[in-house]
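Data first, discussion second: the structure below is written as structure tokens.
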Amino acid sequence: MSDTEKNSSPTEKKDPTIITPEDLPQDSSHRTRHTWSYKGKTIDYDAIVGTLRINTPKVKPAASIFYSMFVVVDADGNNDPTRPVTFVFNGGPGSSSTFLMMGSFGPKRISIPDLAPGEGAPYTLIENNEYCLLPVSDIVFIDAAGAGFSQIADKAKAELWSVDGDVAGFSQFIQRWCTKYGRWNSPKYLFGESYGTTRGSLLTLKMEQDGISLTGATLISNILDYAYTFDLNDQYYIGYMPTYAMISQFHHKAGQEKTIKEHAMDARIFAEEYRKALSRGDALDSESKERVAQAYAQLTGLPATYIEDSNLRVPDGRYRKQILRKEEKIVGRYDGRVSGYDMDPISDDETFIVDDAYLSPEYSALANEYLRKELGWETDEERIAFAPFDWTTTEPGKGWVWTHKTPYHMKADEWGYMPFPNTLGDLADAIVQEPKLKVLIGNGYYDLATPFFQTEYDIDHLALPQALRKNIALTYYESGHMIYTAPQALDKLYNDLVKFYTTDADHMSELDERENLPSLQLNL
């Protein structure tokens, strides 16, 4: 036997389930020409679907990011490099852009009646979306790494499937997109939903650090500080309570003699007194506990005895099971206006999330149809709704890593790391460093995933200089988490956005709809 034969080894077979950097596709794109028309206004635009590869410090290339973009062109097919461009992403984390792409501000939009129960195919698209954003901005929808048609190398998951790695990847993608399409001098906007607001608020600072100036960011259905997502924290219950009141009013369980705004303000005022009661913990006297329960019951329609038996602390899952208990129904988490039947009414756990179950099949079907057939994206790959990481672990490369490194001056621990994202310091830093940066914060009254009162609390704790607090405007909608799925809310959101794009930071107060709470009565 020769030395060559002695030293040789059988060729190792590659595991087909593992994606290596070499497996990632080269950058590519496909362009088609279209026309959008509404009420006599006509716009020619190019739709481009494609991928751009990004790197991480340890893996090159690390991921192939899929995008679908819509760019206004003139009669010669040229675009204006100084037009605004808006980068749009859903949340998750690890979500595709399906919902926003098919349901909000693209040239075409899914046609689903408000609060419609789940129905089977075929589904339809509105050919000329009256809420198309192209009259004011070009649009780029982005799939997160490992979701939609974006692919990720397994070696890169430990970096990209994390709070800070995800933000770095999105910032790098935007840089590469600006270079590829010559848009470095365009006014740049972000539009994020849900975890996309976590990402979006962090991106405002990260992009500045990477040399990309932002003009504005729209953040809808916000989750800016994860400290208050744990039901061991009293602020969790305080933040949720006004949303319970609003959903109860919608289902005719409370507040029938008041307008939506009046009921919301009454709930806010109560929540401030509720805060004082909860701060006493087990030391709260029985008479005060009973009075709090009675007032809570009047605002929400929940039985006072149920509230007392819950130690004045009703988690959102129990509220959703309890409020329509007599009808044997449960209300939706993402849209409390939606209700459906539950297989086990006595259990604290829900059988399924009714609103999500109703919407997901329609959006998934039409996204595949639209991207593949009309926009010409040719692939045998399955479009993935959410990146397939393990929600039960935070092990790098397997689950999502929630650690966030805060800006250096923040009052965090000595290393500057937090075990979960708090984006307030990043957003405040971004505004201080870019004093003309404007931010629109959209809130659905019936959203149990990201309650509006908690968002108000977070915005009040940005610790911005007084002169810069006007840069942020809060708007409100008669909708749930996905604001655009309610027609009346989509109409208002679109009109608010048009104003936002044409309003500078010094006049954002003209968009702000938040009402002030009464002055504190301090008995000191």
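Amide H contacts for Ala63 (H built 1.01 Å from N in the peptide plane; partners 5 or more residues away or on another chain; cut-off under 5 Å): Ile54, Ala153.
Over 22 Å between C-alpha atoms is what I'm after, so list which of Lys206/Lys436; Lys258/Lys438; Lys261/Lys326; Lys180/Lys436; Lys58/Lys180 land there. Violating the 22 Å limit, Cα to Cα: Lys258/Lys438; Lys261/Lys326; Lys180/Lys436; Lys58/Lys180. Volume per residue of the convex hull around the Cα atoms, evaluated for the chain, comes out as 205 Å³.
Distance between the modelled labels on Glu272 and Arg313, one decimal in nanometres: 2.4 nm (7 Å Cα→Cβ projection). Evaluating 6.51 cos²θ - 1.76 cosθ + 1.60 at θ = phi - 60° for every residue in segment 489-496, the Karplus couplings come out as 6, 4, 4, 5, 4, 4, 5, 5 Hz, glycine and proline recorded as x.
Given +1 at the Cβ of Lys and Arg, -1 at the Cβ of Asp and Glu and no other charges, the dipole of the chain around its Cα centre is 780 debye to the nearest 20.
Across segment 231-352 the C-alpha pair distances fall into 10 Å bins from zero in the proportions 13, 47, 32, 8 percent.
Of the residues Leu134, Gly165, Leu202, the one whose Cα sits farthest towards the positive end of the charge dipole of segment 128-268 is Leu134 (charges of +1 on Lys and Arg Cβ, -1 on Asp and Glu Cβ, taken about the Cα centre).
Is it possible to state the helix-based mean residue ellipticity at 222 nm for the chain, with each DSSP H run of 4+ residues giving -39500 (n - 2.57), the sum divided by total residues, to the nearest 500 deg cm²/dmol? What is it?
-9500 deg cm²/dmol
Summarising the amide proton neighbourhood of His404: residues at separation of 5 or more, or on other chains, whose placed amide H is nearer than 5 Å comprise Met418, Phe420. Take 220-227, 80-87, 100-107, 284-291 and order them by the average number of nearby Cβ atoms within 10 Å per residue, most first; the result is 100-107, 220-227, 80-87, 284-291.
Contact order, relative form, for segment 17-155: 30 percent (alpha carbon pairs under 8 Å, 6 or more residues apart, mean separation divided by residue count).
Evaluate the relative contact order of the chain (contact order divided by residue number), counting alpha-carbon pairs under 8 angstrom at least 6 apart; express in whole percent. Can you show the working numbers first?
Numbers: 1031 pairs, mean separation 86.7, N = 524.
Relative contact order, the chain: 17 percent.
Relative protection proxy for 65-78, 141-154, from highest mean packing down: 141-154, 65-78 (other beta-carbon atoms within 10 angstrom). Here segment 377-440 and segment 89-108 have alpha carbon centers that stand 18 Å from each other.
How long is the gain from Thr259 to Asn495 if the chain were fully straight, where each residue apart is worth 0.36 nm and the alpha carbon distance is subtracted?
Length gained, Thr259 through Asn495: 82.7 nm.
Each peptide among 384-391, 514-521, 197-204 gets the average number of other Cβ atoms lying within 10 Å of its residues, and from highest to lowest they stand as 197-204, 384-391, 514-521. For segment 231-352, a crude dipole built from +1 on the beta carbon of Lys and Arg and -1 on the beta carbon of Asp and Glu, taken about the Cα centre, is about 360 debye to the nearest 20. For segment 249-256, backbone phi angles converted through the Karplus equation (6.51, -1.76, 1.60; θ = phi - 60°) give residue-by-residue couplings of 5, 4, 8, 6, 9, 6, x, 6 Hz, Gly and Pro being listed as x.
Values quoted throughout were computed directly from the atomic coordinates according to the rules given, and no laboratory measurement underlies them. Just so you know, these numbers come straight off a predicted model, no measurement behind them. Backbone-built Cβ (ideal geometry, glycine too); neighbour counts: all protein chains shown.
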